[in-house]
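Here the structure comes first, spelled out in structure tokens, and everything after it is commentary.
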């Protein structure tokens, strides 16, 4: 990829005047390849000096950078590196070792704080155009370095390189106050969720640490700043979003009745509800992961088949990030289980309800050529858009209009929350629940505290039983 060029033209100085004809500024314009660059100065001598430097560099045979438009002799001093240039270098440094979802998270966080460092200029690109250029190209190392970038995008990124504040501006108190707002509030002024704000601040902190490492600033300014506006609150599940067993079963049955892909998705969603799997874990399920799936046994008394408990042994997950962020170019990135090392596995027991769904699914559709349990109609993994559309459709069929307006089962992920809360309500010890869900016990208590509190009466009854107390009804007789 071409990064510099000797094809340079430097034009005469342009005098900018106000309505009365009085000079207001002096503009130097020059061209590298087909890109035009401009710098304005208050004084003619400043503009003339800058133009002379460009001409001197051209005559000396210097190759001009096609991003900044400048020759090496006029490149900004290290301490004055632009914020855009720093963040691009930071993204590139992280790229190879980062998961696809982490790459995407880093880009989104840096995009949120970028407006703080963009100089006010009526000729600046539209804010939406800037965000799109950064998301699709600027903060995507693979696309920026190995793909043909559209001219309009390159123009926007060139403008950012020249017009974002220097990194050292981050130590300014006013800039820090603006950063706090960018980290904690959306463009419409609404507060970000605590998790989003924490992630954004974490990426900003890390980028500024990188600036210290590059000797652009002496110390990370966030180290000594306490942001009181950071959204407070622990990670916790909204009880209003969690379906009860009756609602969950109705939703699963409703999925099975949907046309086309519906029957393929009933067991897929069932794995989230009955086994508490994350969507990226359910997508990656393979024949090797089904370590126990007992055959049904006919019961003459009831005149039906009886199913038993089964077991998954999970060894990987495939989180969705989008094709632009993965090394493979596929929408999903193959990763270890969340918060675990590459070779770690997790064993999950699931009840007879899921055993029944899986037997029916395998009988109808079998396994994929590579052993994949859940497949799309045309083969391959189930696209995220397919199962999210199905979930939106089944909510409209199963839930009342009033319920559809609430957070109840708004996302497939709420089935996992329902699984964990149901296990806790059933009295399963938290250590086992945490192990099945892939949490630490500490995280379980933090995220599902409301459901643990809700079992107060059941906990008291268990203690009374251990202590040998008679039932309350007997005492009252």
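The values are calculated or read from the model by the stated rules, or taken from the named source; none is laboratory data. It should be emphasised that the depicted structure is a prediction, and the values quoted were computed from it without experimental measurement. We place every Cβ from the backbone using ideal geometry, glycine too, and count neighbours over all the protein chains shown.
Observations on the model:
- Exactly one residue out of 166, 150, 245, 231 is surrounded by fewer than 19 Cβ atoms within 10 Å (Cβ to Cβ), over 27 Å from the mean Cα position of the chain (by Cα) and within 21 Å of residue 111 (Cα to Cα), and it is 166.
- The residues of segment 118-137 that are in contact with a helix residue (DSSP H, G or I) (Cβ under 6 Å, 6 or more places away or on another chain) and at pLDDT below 95, listed by number, are 119, 125.
- Within the set 440, 432, the sole residue that is modelled with pLDDT of 75 or more, in contact with a strand residue (DSSP E or B) (Cβ under 9 Å, 6 or more places away or on another chain) and in the same structural domain as residue 243 (by TED's automatic domain parsing) turns out to be 432.
- Scanning segment 206-223 for residues that are assigned to a helix (DSSP H, G or I), over 15 Å from residue 88 (Cα atoms) and either at pLDDT 95 or above or in contact with a helix residue (DSSP H, G or I) (Cβ under 7 Å, 6 or more places away or on another chain) (or both) turns up 221, 222.
- Selection within segment 374-395 - free of Cβ contacts under 8 Å to residues at least 60 places away in the same chain and either surrounded by 14 or more Cβ atoms within 10 Å (Cβ to Cβ) or over 20 Å from residue 360 (Cα atoms) (or both): 383, 385, 388, 389, 392
- Hey, residue 155 over 21 Å from residue 181 (Cα atoms), in contact with a helix residue (DSSP H, G or I) (Cβ under 8 Å, 6 or more places away or on another chain) and assigned to a helix (DSSP H, G or I) or not: no
- Only a single item in (1) surrounded by 18 or more Cβ atoms within 10 Å (Cβ to Cβ); (2) more than 30 Å from residue 40 (Cα to Cα) is not met by residue 211, and it is number (2).
The rows are residues; the columns are (1) in contact with a helix residue (DSSP H, G or I) (Cβ under 7 Å, 6 or more places away or on another chain); (2) modelled with pLDDT of 90 or more.
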site: 25; (1), (2): no, no
site: 34; (1), (2): no, no
site: 43; (1), (2): no, no
site: 48; (1), (2): no, no
site: 53; (1), (2): yes, no
site: 59; (1), (2): no, no
site: 67; (1), (2): yes, no
site: 84; (1), (2): yes, yes
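- Failed condition for residue 342, given (1) part of a loop (DSSP other than H, G, I, E, B); (2) touching a residue at least 24 places away in the same chain (Cβ under 8 Å); (3) within 24 Å of residue 436 (Cβ to Cβ): (2)
- Evaluating residue 16 against the criteria (1) outside any strand (DSSP E or B); (2) farther than 16 Å from residue 69 by Cβ leaves one unmet condition, (1).
- Qualifying residue in segment 185-203 (condition: within 13 Å of residue 117 (Cβ to Cβ), surrounded by 14 or more Cβ atoms within 10 Å (Cβ to Cβ) and in contact (Cβ under 8 Å) with a residue 60 or more places away in the chain): no
- Selected residue (criterion: farthest from residue 310 (Cα to Cα)) from residues of segment 249-278 that are touching a strand residue (DSSP E or B) at 6+ places or on another chain (Cβ under 8 Å) and in a loop (DSSP other than H, G, I, E, B): 278
- Qualifying positions in segment 283-329 - out of contact with any strand residue (DSSP E or B) (no Cβ under 9 Å at 6 or more places or on another chain) and crowded, with 18+ Cβ neighbours inside 10 Å: 324, 325
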